[in-house]
Amino acid sequence: MSEPLLVIDVQSGFINEFTHHIPQRVAHLIGRGEYAPVLFTRFINAPDSPYQKFLDWHSCTQEPETNIASELEPWVKPEVVFSKLGLCGIPNELADYFKRHCFQRVFILGIDTDMCVLKIAMDFFDIGIEPIVLTDCCASTAGLQAHLAGLAVLSRNIGAFRLREAGLSEGFLAAPPDKNRE
């Protein structure tokens, strides 16, 4: 029996020099057919959000920044995309979906390791669903140090043995060079 894969915030607004490799890796992983269902979250920076109010950050308010990365479009259907506002963790609709399907474990990957991936993994842990974080399919828009910091916190809080590789790093710890930017 396949287990669910949750793709966290791999969306246009979070693709940068530190995360550009993630959509292709995720597409390759999904293409293996080892996980089902494949679910997605997308971050929406709502008006008057804490991000806008406290950090004066106004990105990811609408399309195209809130669109799931184009490499993942073959798997994106409205019924498997769960929108979330801020660091809220698991959206209620997604939590209800997991309860209805009685999942015991979830494989997690995405952007930002130190923020939304961390929060959602810890939320699943708190509600008794085992989170497995696929570390080579995660990255942070703030760079390698933020990614590693997120993994360090996750290691302590959900257990280091729940941090695993999908075998897609191609030998790179940080983002590989972006051939389109060279």
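All of the numbers you see were taken from the coordinates with simple rules; none came from a lab. Bear in mind the structure is a predicted one, so any value in this text is a computation, not a measurement. Using ideal geometry, Cβ is built from the backbone for each residue, glycine included, and neighbour counts are taken over all protein chains shown.
I need the calculated FRET efficiency for the pair residue 46 and residue 93, taking r as the beta carbon distance and R₀ as 25 Å, to the nearest 0.05.
On the way: r = 16 Å, r/R0 = 0.63.
My answer for the efficiency is 0.95.
In terms of the ratio Rg/(2.2 N^0.38 Å) built on C-alpha atoms, what value belongs to the stretch 113-182?
Numbers: Rg = 12.9 Å, N = 70, 2.2 N^0.38 = 11.1 Å.
Against the compact-globule rule of thumb, the ratio is 1.16.
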Subject >> Label-to-label distance, nm, for residues given as residue 67 and residue 153 (7 Å Cα→Cβ offset) >> reply: 3.1 nm
Subject >> Net length gained if the chain between residue 54 and residue 12 were fully extended (0.36 nm per residue, minus Cα distance) >> reply: 12.8 nm
Original post:
Taking the C-alpha atoms of the stretch 64-182, how large are the radius of gyration and the largest Cα-Cα span, Dmax, in Å?
Top reply: 14.9, 47
Original post:
Which whole-number value in Å³ per residue fits the convex hull of the alpha carbons of the stretch 51-102?
Top reply: 100 Å³
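Per residue, what volume in Å³ does the convex hull of the Cα atoms of the stretch 1-104 enclose? If you can, show how the numbers build up before the last one.
Details: hull volume 11.4 nm³, N = 104.
Taking only Cα atoms, the stretch 1-104 has a hull volume of 110 Å³ per residue.
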Subject >> Residues in the stretch 3-22 reached by a label modelled at residue 102 [backbone nitrogen below 18 Å; 7 Å Cα→Cβ] >> reply: 3-4
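Calculated FRET efficiency, residue 161 and residue 2, Cβ-Cβ r, R0 22 Å, to nearest 0.05? Walk me through the numbers on the way to the answer.
Values: r = 21 Å, r/R0 = 0.96.
In this case the efficiency is close to 0.55.
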